[in-house]
Every structure is written in structure tokens, then in C-alpha cells.
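Where a number appears in this text, it was derived from the coordinates with a stated rule and is not lab data. None of these values were measured; they are calculated from a predicted model. Here the Cβ positions follow ideal geometry from the backbone for every residue, glycine too, while neighbour counts run over all protein chains shown.
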Amino acid sequence: MFEQFFSQDYMVAFLNSIIRMSTPLIFCAIGALIADHAGTMNMALEGIMLSASFAAVYFSALTSSMWGGIIGALFGGCIISSLLAYFHLFKKSDLIITGIALNTFASGGTSYLLFLTTGEKTTSRLLRSLQAPQVNIPYIQDIPILGEVLSGHNVLTYSSFICIIIVYVLIFKSRFGLRVRAVGHNPNAANSIGLNVRKIKFRALLISGAFASLGGAFMSMGYLSYFARDMIAGRGYIGLAAATLASGKPFGTLLAALGFGTANAFSITLATMNLNADLVAMLPYAATILGLVLISARKLAIEKGKTKLVNKIMEEKKL
Amino acid sequence: MRFAKRLLKNFDLLRVICAVLIGFAFALILLLFISKDPMNAIETFVLGPFKSRRRFFNIIELMIPLVFTSLGMCMMLSVGKYNLIVEGGFMFSGAIVAWLASSVFSPEMPAVVSPTLLIVVGALVGALCGVVPALLDVKWRANVVVITIMLNYILANASTFVLRYWMRDTTVTYLGSQKIAKSAKLHSIIAGTSMHTGVFIAFIAVLFTWWFINKTTKGYEVRLTGSNIKFAHYVGINTTAAMILAQAMGGSLAGIGGAVEILGKYDRFLWVNQTGYGFTGLMIAVLVNYRPELTPLVAFLFAYLQIGANIVGTTTDVPTEFVLVFQSVIILLVAASLFMSSLKKRLAIKVSMAEAEG
């Protein structure tokens, strides 16, 4: 059973699928990361991605262009994220409840719009939407194994890696990023030096939604070529977990998202090998839980260590 | 003036009613756009559930699981934890109970004993589901929301696993379990409908949860821990124990719900996807502001909406999902603490001005 797995073709296909499966998670985790730096928690990522993937299909069919789809996806995702930001910042509602309500809203809303636009109840196969093109990287595609793994992916997949760099610059090297971090770290202090906390948080949530929307666009324009009901299937939450795991570091986020993508790809590969599908399907979720617990345990240990150290120093000073 | 005063006193209720009305308007607009015969669809949606005895009891039937999950969520939220395991606990305990009822429990067993035993099993399974994330939280401060959402997926897969490998009936073409033993089932109480004795169990559960949260010391400790954990800690409450207790109870309420649902309504276990009752339960708990005694009312409202949507879905051309939009709009508005706050301010000013004048 496993010899087959270690054959070269299989390995290449497997590594290839890791990259493909990670793409939506990377985008979504970037979104979660930005919200995290702004001191909020974007619980609506799932709904944002879902509405973005519907809007991508719809607008790409409407304008019959890929860019129309991408812009449509950004628009669809931003509707949900601006609702979240509005209710949280201007109406003082609880982030988690609002986020979950918006996820339900997106689930019902996309099903409704799907029926309204196509008359279908489960998928949008009838809409003639476009896919984001695949890109062959010159030179790299000619390298024997590496080329097969790295080249020929969807353009959005490559963008997701570029987005990690963009986000790093945005958060750690730009004025806006500094303000976002200030607001997230201590809103009162930020307010006292004249920053408009609400405005900055609002923008951060919008940008967070925009990145997640690209992940949604990938789901319906790259991963699949159509929209299906509830097609995000928990990826929004997994992305959230990846960002939590990396505790605010962009490249750590990339690694975490790739890790969950690997678990995801692994579960699909194992399912084809006559292993128990239900057990294997638990794998990505179990990996997420394990990762979260480990990382929070580590954080707690560091915190405890710090307090101990401080206490020790205090005692020594008294002596 | 007395009217304004009374309005101010019941302002929370007024807010909920306004939110429901706005949500309703939203749903009607949605129906208007999507249906070829909107008046018929709207009429079916609003009046359909009351048109026959069977449909009306369908509402009550759907209310039962919603009451259990919302009670579970009330427990979780009253200790201040967004433990969403209610969703997965409900499904998984349903699966375990169905497995036991279809394999271990023989038809010869006395009719009252086996459902009671099975419901206890359901409660234990649910409590276990609730305790796991609670422990991860208190021990390592792992994010409860994300952990429980992940656990819900795992539990859904585990339930399908139990269904497929432990109790699948291979003689039927669809994916279903062996038949649940007759002796284990909850009896129908009204002939001609599938209303079952679970409705009494739900009623008892409401009373019990209300009593626990409002009338016992432990319940007070739970509430205090939820509202201000530091204060609770300083006055000497064992906050860790309170958190675990509340989440275990919340989980077990969901577990009882799953058991009652399976034993009352189904011949076989058939669930392969998440039921969604847990998330609806969260919405109901938010709407009643975590007061268990009010859950049946709102559960009735949500069940009525769902049944109305189902009837619309089967008799007209409209998909049932529009009702999700309706529900989420209500929650968005109710969860927004500043929704209608300017009206409240104006009312308060008016009342106090009048009082000052004498």
C-alpha cells in the first residue's frame, strides 16, 4: 500500500497538492493575521471567503474576464467584512457572535443568490465563469522534479506567497502597519496620541477581508471551476487557527498554513489508498487542535517563566 | 408618559421585537425577488406552518432539539466561554445512543428503562465532549472558539465513522444504521403526529437549567465567573471548577438533546453532516440574553421559521436557505448593543425630565 506512496510520480503529485491545498489557507491566515495585529479577531473569515467565491464566479461570468472575477470577489468579501467592522466598531457588538452570524448570513445569502442567478440549488456549473490561469515559471519548469512541484500552479497560488511578503512590509515596515500595531497593542495609548482607533481598526478589518477574499476567489476560480454550496468547509476557521498558531508572524503564518495544507493533502492522498475515509478526514482538524494546544501551552510556559524570573529578581533586590 | 416609562423598562424586549420585525421584512423582500409567485410564497411561509395539525406539531418537534442546544449554549455563555461543542456533542451523542439502541438494547427490555439509560449515556457523552475543550482552555489557554469548531468537524466525522463501521444496515440502499430497538424509543404522545415524550424532557431541562443558574450556589458561582473572573477568584470561588462544571453541563444538555432527538424522531441514525442545531442554539441563547426560561419561546419562533421555510421549499420554487439570512439578520441586530440606543437615550431623558418636573 505504501510503496505506491513513495514512488516518484506520487510524491510529485503529493507535494504539488500541498501547495494547491495551502493556497486558500495562506490567504485566509493573512487576513486573520492583520485582524490579530489590530487587536480584533476576524471570526467572519469563513463567510467572507464563501461570499467572495460566489462573487468571483458570478462577476467573472458577467464580465467574462478573470479580473472581473477577482474584483468581484474582493467586493463580495468586503461586504461581509465591512458589516463585521461596522457592527463591532460602531454598534459595539460581540466579535464572535457577529462573526458566526455573518457566516450563517453568507451561507444563506450565497445559496439564495445562487438560486436567484442560476436557478440551481447546489452548484453554479451552469454559469460560464472563467478560471484564473495557470502559470509556468520559466527555467524552473525545466528542472526535473522541482519544476513539476513548483511550476504550473494557479496564478493566485503564486500571489499568495507574494502576499505574505506584502503583508510583512505592510505591517512591519509601513506607517499604516505601525498604527495598526499601536491600536492593537494599546488602543487607549494610541487614542491619546491622536490616532483614530476606530478608523484604523475598520481599515485593518477591511484589508483582512480583502486578503481572505482572494482565498475565496481561488476556491471557485482555481481549486474548482465553479461555486458549490458551503464550499469553504471550515477553511476560514483553519486559516484563523494558522494565524493564531504563528502568533502574528507573517512567515510563521505561511509555515502554519502550509502545515495545515499538508495535513489536508495527506488526508486526500490517504483516502485514495483504501484507508478509512472518515478517520482520515479528521486529520487536518486534529492537527489544528494539536498545534493550537502546543503553541498556547508554550506561550503560557514562557509567561510563567517570566513571572518567576521577575519574582526572583525582586527577592534578590530585597536581600 | 407612563407609556414611555413602561417602554423604557421593557426596552430589551422592544429591541428583540424590532430586530425580528426587521428580519421579517428582510425575508419578505428576499421572497419577493426570488419567487415567481411571491404572494403565494409569502403566504405559505407565514401561514403554512399553522395550516394543518401535522405541521403545527412539526414545529413543536423541531423545537425540542433547539431547546436543548440553546440551553447548552446558555450554560456555556453564562460562564463566559464560547464553547461551541454543543453542535458536535449533539450529533456524536446521537450517534453513540443510536449505536447502543440498535445493537446492545434488545426489544425485550422494559420500555421505560432503556430510554432512560440511553439518555443518561447521551448526557455522559455530551459532558465528555464539553469537558475536553474546557480542560484545554483552563490548562493551556487554548482558544476555545477555534478548538471547538475544529472538534465539531472531528465529532461529525467520528459520528459518520460509527455509522459506517459499527452500525450500518447493509440491507438498505442508503447510508443508515440498523433499526433502533422499539423498546428504546420515546413514545408518541399525540396520535397521528410524531410528537414524542421528549417534549416533557425538554420542559424539565428548561426548569432544571433555570433552577441551577438562578437558584443554586454553584449556579451563582458560574455566573459570577462568567461576568468577572478576577473578582470571582478574589472572593474565593474556584473559577476553574466553575468553568469546567458549566461546560460539562452545557455539553451534557446537548448530549441529552441528541439522545432525545434520535430516540424520539428516528427509526435509524442517518446524520452524515453537522446538524446545525448547535449554531441555531447559540443564536437563540444570544436572543434570550442567556436566560434559560425564555429559550422555549425563541426556539418556537426559530422552529416556526424553519418549518415555514421548509414548506416554502417543498411546495414552491424557493430554496429554504433564505431563512438563514433572516435568522442571522435578527442576531446581528440583537447582538449589536448600540442598536436603537439613541431611542433609548431619548426615552430615558424624556422620562427623567418628566420625573424632575414632578
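If you place +1 on the Cβ of every Lys and Arg and -1 on the Cβ of every Asp and Glu, how big does the dipole about the Cα centre of chain A come out, in debye to the nearest 20?
Magnitude of the dipole: close to 1580 debye.
Within 10 Å of each Cβ of A:236-244, how many other protein chain Cβ atoms are there on average?
If you average over the peptide's residues, the count of other-chain Cβ atoms is 3.
Would you work out which of B:Thr69, B:Val146, B:Ala242 lies farthest towards the positive end of the dipole of segment B:56-291, given +1 charges on the beta-carbon of Lys and Arg and -1 on that of Asp and Glu, about the Cα centre?
Farthest towards the positive pole: B:Ala242.
Name the residue from A:Ile268, A:Leu156, A:Leu170 whose Cα lies farthest towards the positive end of the charge dipole of chain A, charges +1 on Cβ of Lys and Arg and -1 on Cβ of Asp and Glu.
It is A:Leu170, whose Cα lies furthest towards the positive end.
For segment B:7-83, which trypsin sites (Lys or Arg not before Pro) are in a loop by DSSP, counting at most 13 other Cβ atoms within 10 Å?
Passing sites in segment B:7-83 are B:Lys36, B:Lys51.
In chain A, once you exclude exposed chymotrypsin sites (Phe, Trp or Tyr not before Pro) (DSSP loop, at most 15 other Cβ within 10 angstrom), what's the longest stretch remaining?
A:140-319
Output the pairs from A:Lys306/B:Lys139; A:Lys91/A:Lys249; A:Lys91/B:Lys344; B:Lys81/B:Lys344 with a Cα-Cα distance over 24 Å in this structure; if there are none, say none.
Correct reply: A:Lys91/A:Lys249; B:Lys81/B:Lys344.
In a GNM of chain A with a 10 Å cut-off on Cα contacts, which of A:Arg203, A:Arg175, A:Arg128 has the highest mean-square fluctuation?
A:Arg175
Calculate one ³J(HN,Hα) per residue across segment B:226-241 by plugging θ = phi - 60° into the Karplus curve 6.51 cos²θ - 1.76 cosθ + 1.60, and present them in order as whole Hz with x for glycine and proline.
Per residue, the Karplus-derived 3J(HN,Hα) values read x, 7, 7, 5, 5, 4, 4, 5, 6, 7, x, 7, 7, 5, 4, 5 Hz.
Out of B:Thr295, B:Thr314, B:Thr240, any idea which swings most in a Gaussian network model of chain B, alpha carbons joined below 10 Å?
B:Thr314
Amide H neighbours of A:Asp94 under 5 Å, counting only residues 5+ apart in sequence or on other chains, H built in-plane at 1.01 Å?
B:Ser337
Long-range amide H contacts for B:Ser177: which residues qualify at under 5 Å (H placed 1.01 Å from N, peptide plane, sequence gap of 5 or more or a different chain)?
B:Asp169, B:Phe269
Quick one: which residues, 5+ away or cross-chain, put their amide H under 5 Å from the amide H of B:His196? H built at 1.01 Å from N.
Counting only residues 5 or more places away or on other chains, the set is B:Ile189.
Would you mind working out the magnitude of the charge dipole of segment B:56-291 relative to its Cα centre, with +1 at each Lys and Arg C-beta and -1 at each Asp and Glu C-beta, to the nearest 20 Debye?
Taking the Cα centre of segment B:56-291 as origin, the dipole is about 320 debye.
Just name one of A:Ala281, A:Thr63, B:Ser227: the one whose Cα is farthest towards the positive end of the charge dipole of the protein assembly as shown (beta-carbon charges, Lys/Arg +1, Asp/Glu -1).
Value: B:Ser227.
So what is the relative contact order for segment B:56-291, in percent, with contacts set as C-alpha pairs under 8 Å and at least six apart?
44
If you take the C-alpha gyration tensor of the protein assembly as shown, multiply each eigenvalue by 5 and take the square root, what semi-axes do you get, largest first, in whole Å?
Values for the protein assembly as shown, descending: 38, 33, 29 Å.
Give the relative contact order (percent, whole number) for chain A; include only Cα pairs under 8 Å separated by 6+ residues.
Relative contact order here is 32 percent.
For chain A, modelled as a GNM with alpha-carbon contacts under 10 angstrom, which of A:Ile268, A:Ile232, A:Ile79 fluctuates the most?
Highest fluctuation of the listed residues: A:Ile268.
Which log10 I(q)/I(0) values does chain A give at q = 0.07, 0.14 Å⁻¹ under the Debye formula, counting every alpha carbon as one identical point scatterer?
For the requested q values the scattering log ratios are -0.31, -1.11.
Give me the mean projected area, in nm² to one decimal, of the convex hull enclosing the Cα positions of segment B:56-291.
Averaged projected hull area, Cα only: 13.2 nm².
Assign unit charges at the C-beta atoms only (+1 for Lys and Arg, -1 for Asp and Glu), then state the dipole size of the protein assembly as shown relative to its Cα centre in Debye, rounded to the nearest 20.
Dipole magnitude for the protein assembly as shown comes out near 2280 debye.
When only Cα pairs under 8 Å and 6 or more residues apart are kept, what is the percent relative contact order across segment B:148-224?
Once normalised by length, the contact order is 11 percent.
Exactly which chymotrypsin sites (Phe, Trp or Tyr not before Pro) in segment B:107-193 are in a DSSP loop and have at most 14 other Cβ atoms within 10 Å?
Of the chymotrypsin sites (Phe, Trp or Tyr not before Pro), the ones in loops of segment B:107-193 whose Cβ has at most 14 other Cβ atoms within 10 Å are B:Tyr174.
Give a residue-ordered list of calculated ³J(HN,Hα) values for segment B:300-309 (Karplus: 6.51 cos²θ - 1.76 cosθ + 1.60, θ = phi - 60°; whole Hz; x for Gly, Pro).
Residue by residue, segment B:300-309 yields 4, 4, 5, 5, 4, 4, 5, 5, x, 5 Hz.
Any idea what angle helix A:235-246 forms with the longest principal axis of chain A, computed on alpha-carbon atoms, 0 to 90 degrees, nearest 10?
40
From the backbone phi of segment A:16-33, what are the Karplus-calculated ³J(HN,Hα) couplings (6.51 cos²θ - 1.76 cosθ + 1.60, θ = phi - 60°) in whole Hz, Gly and Pro given as x?
For segment A:16-33, the Karplus curve yields 4, 6, 4, 5, 5, 5, 6, 3, x, 5, 5, 4, 5, 5, 4, x, 4, 4 Hz.
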